[in-house]
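The values are calculated or read from the model by the stated rules, or taken from the named source; none is laboratory data. Predicted model, so just to flag it, every value in this text is computed and none were measured. Note that we place each Cβ from the backbone using ideal geometry, even for glycine, and neighbour counts take in every protein chain shown.
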């Protein structure tokens, strides 16, 4: 007899092999959604830097950041995983702000040193 009072089933037959606990389902990673929002932010910042004249770039960066906020909510809602929603959305938005800020600084420095 095995621990728990259950006997082992003969080969080829299904039997009860003792107590079995179900593992908790592993939560899905939200990193892909966060990175997707950051890539959207980078694409918007580069599009603003390439298409908008220098004086209007800060205003259009703010409009682009608004789009990143909406896209971050949409991406995280589409993931369908409620646990950690606020943290993932915050990481998407703050990361998008940092990405757009770094690209904006790069564009500003490039405009200073352009002929």
Residue check for residue 102: modelled with pLDDT under 95 and under 17 Å from residue 48 (Cα atoms): no
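Residue-wise test of (1) loosely packed, with under 14 Cβ neighbours inside 10 Å; (2) free of Cβ contacts under 8 Å to residues at least 40 places away in the same chain; (3) touching a helix residue (DSSP H, G or I) at 6+ places or on another chain (Cβ under 7 Å).
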residue: 57; (1), (2), (3): no, no, yes
residue: 66; (1), (2), (3): yes, yes, no
residue: 71; (1), (2), (3): no, yes, yes
residue: 75; (1), (2), (3): no, no, yes
residue: 79; (1), (2), (3): no, no, yes
residue: 83; (1), (2), (3): yes, no, no
residue: 88; (1), (2), (3): no, no, yes
residue: 101; (1), (2), (3): no, yes, no
residue: 109; (1), (2), (3): yes, yes, no
Criterion: under 11 Å from the mean Cα position of the chain (by Cα) and modelled with pLDDT under 95 - qualifying residue of 57, 76: 76
Number of the exception - residue 64 against (1) in a loop (DSSP other than H, G, I, E, B); (2) at pLDDT 95 or above: (1)
